[in-house]
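The structure appears below as structure tokens.
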Amino acid sequence: MIKRWPKRREFLAYYTLWRAFGDREFNLGEAVEILKPYMGGRVAERLVKRLVKQGFLVRIRPLVYRAKPLTQLLDEATAIYFAGRLRRRGYEAYAENGKIIVADDAPLEACKHPLAICERSPRDANENEDKENRVKGNSV
């Protein structure tokens, strides 16, 4: 999960590593060798560690990493941002696995969004079950 949007140097270092290694694993030494011509070795090493903390790189084993795909990072950032915008507008929404989970009472446009999944909130589901039981004649 992206905690904050990266600074230019951080993002371009991530992008360089992602382009150089793709889906394959790489160790800290390989990453430093790729970044070293553009910045010092110590700076490159610290930057790799910072990218792990920020969620751009995944630690496979100690000193072995894999870069997350760019589309996955952007999907996560988009979902987190738009879920926060919906919450500020008074709707129940949160981000999960690059998707926006929205309560049924959200506007129709939000539910039609390709990243959104509309579902009943647990409170609404219990109220609807109570109403159905009353209609059927069952006691609550």
So what are the ³J(HN,Hα) numbers for the stretch 42-51, from phi and the Karplus equation (6.51, -1.76, 1.60; θ = phi - 60°), rounded to whole Hz, Gly and Pro as x? 5, 4, 4, 5, 5, 5, 4, 5, 5, 5
Around R66: net Lys/Arg minus Asp/Glu count, Cβ-Cβ under 11 Å: +2
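Throughout, read-outs are computed from the coordinates displayed, never taken from laboratory work. A quick note: this is a predicted structure, and the numbers were derived from the prediction, not measured. Every residue, glycine among them, receives a Cβ derived from its backbone with ideal geometry; neighbour counts consider all protein chains shown.
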